[in-house]
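Shown next, in structure tokens, is the structure this report addresses.
The values are calculated or read from the model by the stated rules, or taken from the named source; none is laboratory data. Keep in mind that what you see is a predicted model, and the values were worked out from it rather than measured. Virtual Cβ from ideal backbone geometry, glycine too; neighbours counted across all protein chains shown.
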Amino acid sequence: MGQNGADSNLDPSQAAVAAPKRRRRWLRWVFFWLPLLFVVATVLQVAVLRFVDPPLTAFMIGRYVEAWGEGDRGFSVSYDWRDADEISKQLPLALVAAEDQHFPVHNGFDFKAIEKARANNAKGRKVRGASTISQQLAKNLFLWRGRSWIRKGLEVWYTVLIEAMWPKERIIEVYANVIEYGDGVYGAQAAARRFFGKDAAKLTAAEAARLAAVLPSPRKYSAAKPGPYVQRRSRAIERQMRALGGPEYLKFD
């Protein structure tokens, strides 16, 4: 007989005692076991991807869902993983120059950039966000597009885990491999083949800067046919790459 049936056989005093017990069990499950399971599951996710190259990301899955929702059943992503030594050193440098110049020294969050963005936003200026490469990687791998406090909280949690469990070399390697450089084009190799007809290992500084220049709006801007904005931004990124000291900037030994 089920729990409800058993409780119906109890006298009122016994039922009064059983109800608080069930409530405590339920509260223990909600406030102890569920958080514990979440921590264990997310730590395992990040630990596995420290060594295993991701076959797919949350953003890729979201793009599939979006395409299918629009009736495009033939949609597919272009994604071809390459290890760090098979990617031109110019691309990670371009990504850092464009997106997160303090990447080698911060612990996942650039608080100076956050404060600068907050101050500019308070003045009504339109500025880009202050998300680091580690934060953007957390979103791409594990989360969904959009804005909410829940998603932001999860982003912070995954960023902490990634920075704690991965070396910087692994973070930039995965980031270069999974971000979107064009509609459905994910990762350095797919982008290099699609836009420049070459392997990622052979990207020049100018080509790497152009790929970085389309972020974070790769469906709006084109690396293959750069308009005035992408051209200007590419030149600015190249100047920053030189100012940072070239690929030596990303040697973490």
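Key figures
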{"read-out": "Residue match in segment 104-122 (condition: under 24 Å from Trp144 (Cα atoms), among the aromatic types (Phe, Trp, Tyr), touching an Asp or Glu at 6+ places or on another chain (Cβ under 9 Å) and at pLDDT 95 or above)", "value": "no"}
{"read-out": "Tabulated pairs, segment 197-208, first of a type outside the set (S, T, N, Q), second surrounded by 14 or more Cβ atoms within 10 Å (Cβ to Cβ) and in a loop (DSSP other than H, G, I, E, B), C-beta under 7 angstrom, 6+ apart or interchain", "value": "Ala200/Arg82; Ala200/Ile87; Ala200/Ser88; Ala201/Ile87; Ala201/Ser88; Lys202/Ser88; Leu203/Ser88; Ala208/Ser88"}
{"read-out": "Arg151 vs. criteria modelled with pLDDT under 95, in a helix (DSSP H, G or I) and in the same structural domain as Ala98 (by TED's automatic domain parsing)", "value": "yes"}
{"read-out": "Some residue of segment 229-236 being over 23 Å from the mean Cα position of the chain (by Cα) and either among the hydroxyl-bearing types (Ser, Thr, Tyr) or not assigned by TED's automatic domain parsing to the domain that holds Ala138 (or both)", "value": "yes"}
{"read-out": "Residue that is farther than 21 Å from Ser78 by Cβ, in contact (Cβ under 8 Å) with a residue 40 or more places away in the chain and surrounded by 14 or more Cβ atoms within 10 Å (Cβ to Cβ), where the choices are Tyr186, Tyr175, Tyr158", "value": "Tyr158"}
{"read-out": "In segment 41-77, the residues that are aromatic (Phe, Trp, Tyr) and modelled with pLDDT of 95 or more", "value": "Phe51, Phe59"}
{"read-out": "Residue list for segment 132-146, restricted to those being at pLDDT below 90 and surrounded by 13 or more Cβ atoms within 10 Å (Cβ to Cβ)", "value": "Trp144"}
{"read-out": "Of all residues making up segment 58-82, the number that are within 18 Å of the chain's Cα centre (by Cα) and not in a helix (DSSP H, G or I)", "value": "6"}
{"read-out": "Residues (surrounded by 20 or more Cβ atoms within 10 Å (Cβ to Cβ) and either touching a Lys or Arg at 6+ places or on another chain (Cβ under 9 Å) or more than 21 Å from Glu238 (Cα to Cα) (or both)) located in segment 189-202", "value": "Gln189, Ala190, Ala192, Phe195, Ala200"}
{"read-out": "Which numbered condition Arg194 fails, given (1) part of a helix (DSSP H, G or I); (2) touching an Asp or Glu at 6+ places or on another chain (Cβ under 9 Å); (3) not acidic (Asp, Glu)", "value": "(2)"}
{"read-out": "Unmet criterion (only one of (1) surrounded by 13 or more Cβ atoms within 10 Å (Cβ to Cβ); (2) hydrophobic (A, V, I, L, M, F, W, C); (3) farther than 22 Å from Ala84 by Cβ) for Ala209", "value": "(3)"}
{"read-out": "Scan of segment 201-217 for residues that are closer than 18 Å to Met60 by Cβ and at pLDDT 95 or above, ordered by number", "value": "Leu211, Val214"}
{"read-out": "Residue check for Ala84: small (Gly, Ala, Ser) and without any contact (Cβ under 8 Å) to a residue 24 or more places away in the chain", "value": "no"}
{"read-out": "Verdict on Phe38 being at pLDDT 90 or above and assigned to a helix (DSSP H, G or I)", "value": "yes"}
{"read-out": "Residue list for segment 64-104, filter: more than 15 Å from Arg170 (Cα to Cα) and exposed (fewer than 14 other Cβ atoms within 10 Å of the Cβ)", "value": "Val65, Glu66, Trp68, Gly69, Glu70, Gly71, Asp72, Arg73, Gly74, Ser76"}
{"read-out": "Options Ala138, Ala113; residue that is assigned to a helix (DSSP H, G or I), among the small types (Gly, Ala, Ser), in the same structural domain as Leu211 (by TED's automatic domain parsing) and touching a residue at least 24 places away in the same chain (Cβ under 8 Å)", "value": "Ala138"}
